[in-house]
1. What are the ³J(HN,Hα) values, in whole Hz, obtained from phi via the Karplus relation 6.51 cos²θ - 1.76 cosθ + 1.60 with θ = phi - 60°, for each residue of the stretch 88-93 in sequence order, with x given for Gly and Pro?
2. Report ³J(HN,Hα) in whole Hz for each residue of the stretch 50-59, in order, from the Karplus equation J = 6.51 cos²θ - 1.76 cosθ + 1.60 where θ = phi - 60°; Gly and Pro get x.
3. Treating only the Cα positions of the stretch 32-106 as identical point scatterers, give the base-10 log of I(q)/I(0) from the Debye formula at each q in 0.12, 0.24, 0.26 Å⁻¹.
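Rule-based calculations on the coordinates, nothing more; no lab input. Here the structure is a predicted model, which means the values were calculated and not measured.
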Amino acid sequence: MAHLKRRRDQAWPEEKNDRVHGLYSLHRMFDIVGTHLTHRDVRVLSFLFVDVIDDYERGMIRSGRDFLLALERQGRCDETNFRQVHQLLRIITRHDLLPYVTLKRRRAGELVIEKLQLCSYIIKTN
């Protein structure tokens, strides 16, 4: 999965203006979420979309990022509509990735607060 990460000088073309406003590009979000999807997750997602994604596209899917890019090419996801991605992550019970399906950059403090809230929830339920 390390081969999918981009250096800062290899930014997607649309990221130049987004970085100033504290936003991710759609493709950067695909990189972030896609690298956390396991091989099994990608196989399940591809199976669920067997009627939507044609055989040629399915043959090119090797990672979560490839799957998300295929969804974009099929018109199922764009900068204004993440509903399909949210639904898919819920179906395969990857709720841990839902907060990353956004174009807003996450601050380090937000991650710490989110982890503390999750830990306190787990302690209360046990």
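1. Along the stretch 88-93, the couplings run 5, 5, 5, 4, 8, 6 Hz.
2. Listing the rounded values in order: 4, 7, 8, 9, 5, 4, 4, 4, 4, x Hz.
3. Each listed q corresponds, in turn, to -0.28, -1.22, -1.44.
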